[in-house]
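For reference, the structure discussed in these notes is given below.
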Amino acid sequence: MTTGFDDDVRLIPLGGLGEFGLNAMVLEWREHRLLIDAGVMFASPELPGVDAIVPDFAYLADTPGILHGILLTHGHEDHIGALSFALQAAPAPVYGTRLTLGFVRRRLQERGMASGADLRTLVAGQAVEVGPFRVHPIHVAHSVLDSVALAIETPGGVVLASGDFKVDPTAAPEERTDLAALSAWGDRGVLALLADSTNAEQNGWTGCEDDVVPAFEEVFDRTPGRVLVSCFATSIPRIKRVAEVAGRKGRAIAFVGRRMVDNAEVAQRLGLLPIPPSSLMAPSSLGELPPHQVLAFVSGSQGEPLSALSLVSVDEHPTLAVGPGDTVVLSARVIPGNERTVSRLIGNLFRRGCDVVHAGTAKVHVSGHGSRADLVELLTRVRPRYLVPVHGEYRMLAQHARLAAQAGLPADRVLLAEDGDVLSLGSAGARKLPRVAAGRLLLDRSGGDEIEDVVVRDRRHLSAQGIVVPVLVLEKQTGRLQSPPEMVTRGFVDVSERSAELLEDAGRFLVETMDSRPQEERFDPALTRERVRVELRRFFKKRTQRRPLVIPVVMEV
Ligand SMILES: [Zn+2]
Ligand SMILES: [Zn+2]
């Protein structure tokens, strides 16, 4: 007997579909809910002053429903970085493997939320009951250890979320994707497969972690000085392999940069990163060993402004410097949007006289995401009723959909969705329900952990209201404006005469505001930034009835 749509499973992406990062997928059956992953997106240089971007979890807080658990597939920031915000919106037990929870615990401690959190360990191959759902973690290979796919039994059917994965049949047993388990789920029947689309544009198979070893051997052999390796601080399999090579070549190892130190500690405590204590050294004693006996893992492969590697590249790091004879290896992909920053970083490192090796010049990086052959392999093993491409910019989701069609999945069974869409799946078919609120929150560096007052409900709002970046240069001695403020806008006003006038008025208004502000504000860039933001928003609201996002940049000279 059919109950209509009552038993439909609803899938509601709050992030990650249409962008890189922000992974957060709500799964619902009747009033029961799960959240799969809660990730951040890294701020790009186009949003100065914005430190991180997290999904808007208002849907979980504001609509009726019971959140039974937050399931984490693995420990990358784009899957766990926004957990504290999800917990604030809707407290629930958090499920993850031990390394994932190890990383999570650190993040929550930083936000003072560790004591209240209910963390429950997932073990691949062991099912857990979460509300009316039964969750089966399946081991998958990825660039961080302890990654899992999740097969979730719901009363409306099985949903299988791949997490980030690649097939990599040559991986060590503890890193390998459990293809047999995926096939077994295919035999039982899967309603929906949510599959990683990051590399849907790459042909063939994704290579294996071991592929990087020869390039590192070569770097160690020909470098007479220090070797610095920068990768994601979560890339434990990479760190492990490079550390092994270093051990064979007689180099001691240091971890430099907060995230690097933290994550290495967590992985070592869990026995996932075996480095003999005698080969470890503190960053402060880096100067004591001859350069050719040093390997330093340094955070900042994306050129993040205050990261250890950025500081090294401009010779401002307190304990680490590079020069002729040294080699810096960038062993990570460049996240889209960071290309120019990374390029500048590489240039600055060359200026120090060292050599720089990156994925463009040697095989020092292998992706953790499955390419087209990996994706087809997953699809043919799971044989889902519906495929929902997730995790990627829209072009990757679309390519993934086309690939599935080529592999024989009928077009009406591939569901392309974006953040805020509501997919309803069941025996009666698949349909889209009215959209829900989804978007992102921008976190301001000056505000620490506080969410900026500016809430961008979604990209549509941003594109409708636009963005204004006032750039102010202050004299350090006097706190006075050194030159008239500049105003950069996007999507707010066009370049007509009237808007030019509006921006000129805004500039004059800013000059007045700066002149009349209280004395104590003058020497505090953070306070100045906040004043400019608030006053300018008020100004634009009054003049245009619109509320652009205002992100001031305040520089002192
Ligand atoms: Zn990942
Ligand atoms: Zn990811």
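The values are calculated or read from the model by the stated rules, or taken from the named source; none is laboratory data. It should be emphasised that the depicted structure is a prediction, and the values quoted were computed from it without experimental measurement. Because the Cβ atoms are built from the backbone with ideal geometry, glycine has one as well, and the counts that use them run over all protein chains shown. Surface areas here come from the heavy atoms of the whole protein model, side chains and all, with no ligands, DNA or RNA. Shrake-Rupley method; radii C 1.70, N 1.55, O 1.52, S 1.80 Å.
Tally Lys/Arg at +1 and Asp/Glu at -1 over every other residue whose Cβ is under 11 Å from the Cβ of residue 199; what's the total?
Taking every other residue near residue 199 into account, the sum is -1.
Give a residue-ordered list of calculated ³J(HN,Hα) values for segment 60-77 (Karplus: 6.51 cos²θ - 1.76 cosθ + 1.60, θ = phi - 60°; whole Hz; x for Gly, Pro).
Couplings: 5, 7, 9, 10, x, x, 10, 8, 7, x, 10, 9, 10, 7, 6, x, 6, 4 Hz.
In whole angstrom, and with the biggest value first, how far do the Cα coordinates of segment 62-215 range along each principal axis?
Dimensions of segment 62-215 along the principal axes of its Cα atoms: 46, 39, 29 Å.
Taking every Cα atom in segment 392-433, find the radius of gyration and the maximum pairwise distance Dmax, and write them in Å.
Considering segment 392-433 through its Cα atoms, Rg and Dmax are 11.1, 30 Å.
Enumerate the amide H contacts of residue 71 below 5 Å, restricted to partners 5 or more residues apart or on another chain; note that Pro and chain-start residues carry no placed amide H.
Answer set, sorted by chain and number: 35, 36, 37, 95.
Provide the solvent-accessible area of residue 279, counting protein heavy atoms only and rolling a 1.4 Å probe, rounded to the nearest 10 Å².
30 Å²
With every protein chain in place, what's the accessible area of residue 143 (1.4 Å probe, Å², nearest 10)?
For residue 143, solvent-accessible area is about 20 Å².
Given points 7 Å out from each Cα along the Cα-Cβ axis, report the residue 475 to residue 351 separation in nanometres with one decimal.
2.8 nm
Mind ordering 412-422, 108-118, 469-479 by average Cβ neighbours within 10 Å, highest first?
The most tightly packed comes first, giving 412-422, 469-479, 108-118.
Excluding ligands, DNA and RNA, what is the solvent-accessible area per residue of the chain at a probe of 1.4 Å, expressed in Å²?
About 41 Å² of surface per residue is accessible.
Can you say what percent of the DSSP beta bridges in the chain, counting only those with both residues inside, are antiparallel? Round to 5.
55 percent
Residue 415: net charge of surrounding residues, Cβ under 15 Å, Lys/Arg +1, Asp/Glu -1, itself excluded?
+2
What residues have an amide H closer than 5 Å to that of residue 193, excluding those fewer than 5 places away on the same chain, when H is modeled at 1.01 Å from N in the peptide plane?
160, 386, 387, 388
Per-residue HN-Hα couplings for segment 508-513, Karplus 6.51 cos²θ - 1.76 cosθ + 1.60 at θ = phi - 60°, whole Hz, x for Gly and Pro?
Karplus-based 3J(HN,Hα) across segment 508-513 equals 4, 4, 5, 4, 4, 4 Hz.
Could you pull out every residue, at least 5 positions away or on a different chain, whose amide H is within less than 5 Å of the one on residue 228? Hs are placed 1.01 Å off N in the peptide plane, and Pro or chain starts have none.
For residue 228, the qualifying residues are 296, 327, 328, 329.
For segment 264-369, what is the convex hull (Cα atoms) projected area averaged across all directions, in square nanometres?
7.9 nm²
Would segment 1-137 count as rounded, prolate or oblate if I go by the C-alpha gyration tensor, calling it rounded below 1.5 in a/c and otherwise prolate when a/b exceeds b/c, oblate otherwise?
Taking the square roots of the gyration eigenvalues as a ≥ b ≥ c, segment 1-137 is oblate.
If the label point is 7 Å along Cα→Cβ of residue 184, which residues in segment 150-164 have backbone nitrogen under 18 Å from it?
Counting backbone N atoms under 18 Å from the label point, the list is 150-154, 158-162.
Rounded to whole Å and sorted largest first, list the principal axis extents of the Cα atoms in segment 356-440.
55, 35, 17 Å, listed from the longest principal axis down.
For segment 56-120, what are the per-bin percents of Cα-Cα distances with bins 5 Å wide, up to the bin holding the maximum?
4, 19, 32, 26, 14, 5, 1
Can you give the local net charge around residue 32? Use residues other than it whose beta-carbon is closer than 14 angstrom to its beta-carbon, Lys and Arg +1, Asp and Glu -1.
Result for the local shell: -3.
Of all the accessible heavy-atom surface of the chain, with the other protein chains kept in place and a 1.4 Å probe, what percent is carbon and sulfur?
Whole-percent figure for carbon plus sulfur exposure: 51.
Can you run phi through the Karplus equation (6.51, -1.76, 1.60; θ = phi - 60°) for segment 336-346 and list ³J(HN,Hα) in whole Hz, with x for Gly and Pro?
x, x, 9, 3, 5, 4, 5, 4, 5, 4, 4
Can you classify segment 78-154 as rounded, prolate or oblate using the Cα gyration tensor, where a ≥ b ≥ c are the square roots of its eigenvalues, rounded means a/c under 1.5, and otherwise it's prolate if a/b beats b/c and oblate if not?
Oblate shape, in that a/c is at least 1.5 and b/c is the bigger or equal ratio.
So for the pair residue 289, residue 544, with labels modelled 7 Å out along Cα→Cβ, what separation do we get in nm?
Rounded to a tenth, the inter-label distance reads 5.5 nm.
Can you give the calculated 222 nm mean residue ellipticity of the chain, where each DSSP H run of n ≥ 4 adds -39,500 (n - 2.57) and the sum is split over every residue, rounded to the nearest 500 deg cm²/dmol?
Theoretical 222 nm ellipticity from helices: -9000 deg cm²/dmol.
Using the eigenvalues of the Cα gyration tensor, what equivalent ellipsoid semi-axes result for the chain when each is taken as the square root of five times the eigenvalue, whole Å, largest first?
For the chain, the semi-axes come out at 38, 35, 20 Å.
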